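I have placed the structure first, in the form of structure tokens, so that the comments after it can refer back to it.
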Amino acid sequence: MKMIIVILKDESVEKVVTALTAAEYRVTRVASTGGFFRSGSTTLIMGVADERVDGAIDLIRSNCGQAMAGQSRATLFVVPVTRYEQI
């Protein structure tokens, strides 16, 4: 299992979340601020089975909008999860 953390510009969030949930990924949305984009941003947190990580990244990549030259559209971290519980 992996945890995917995605920091997106606010204008891309709805389209990305809609695509991910339509593909049956579970997504937690957190409003965030910081220096990644120097503007409004949202952080998405997802727990994803190892074999579905590439599919999630492909959906994020194809739904996060166009970037201006020299700018990124999203910042993404994939972190291994050694233990997972729902209580």
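See the values below:
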quantity: Neighbourhood net charge (9 Å Cβ-Cβ; Lys/Arg +1, Asp/Glu -1) for CYS64; calculated: +4
quantity: Given 11 as the ceiling on other Cβ atoms within 10 Å, longest exposed-site-free region of the chain for GluC sites (Glu not before Pro) in DSSP loops; calculated: 25-84
quantity: Ascending count of other beta-carbon atoms within 10 Å, so fewest first, for ILE57, ILE87; calculated: ILE87, ILE57
quantity: Under 11 Å, Cβ to Cβ, from ILE45 - net charge with Lys/Arg +1 and Asp/Glu -1; calculated: +2
quantity: Charge dipole magnitude, Cβ of K and R +1, D and E -1 - the chain, Cα centre, debye nearest 20; calculated: 220
quantity: Read-out percent of Cα pairs over 21 Å apart, derived from the coordinates shown; its label in [x] 27; [y] 32; [z] 50; calculated: [x]
quantity: Fewest-first sequence of MET46, MET1 by Cβ atoms within 10 Å of each Cβ; calculated: MET1, MET46
quantity: 222 nm mean residue ellipticity, helices alone, for the chain (DSSP H n ≥ 4; -39,500 (n - 2.57); rounded to 500); calculated: -8500 deg cm²/dmol
quantity: Using θ = phi - 60° and Karplus 6.51 cos²θ - 1.76 cosθ + 1.60, couplings along the range 16-32 (whole Hz; Gly, Pro as x); calculated: 5, 5, 4, 5, 5, 5, 5, 8, 6, 8, 9, 10, 10, 9, 10, 5, 9
quantity: Charge sum, other residues only, whose C-beta stays under 12 Å from ARG29's C-beta, Lys/Arg counted +1 and Asp/Glu -1; calculated: -1
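Readers should treat all values here as calculations from the given coordinates under stated rules, not as data from a laboratory. Computed from a predicted model, the values in this text were never measured in an experiment. Virtual Cβ from ideal backbone geometry, glycine too; neighbours counted across all protein chains shown.
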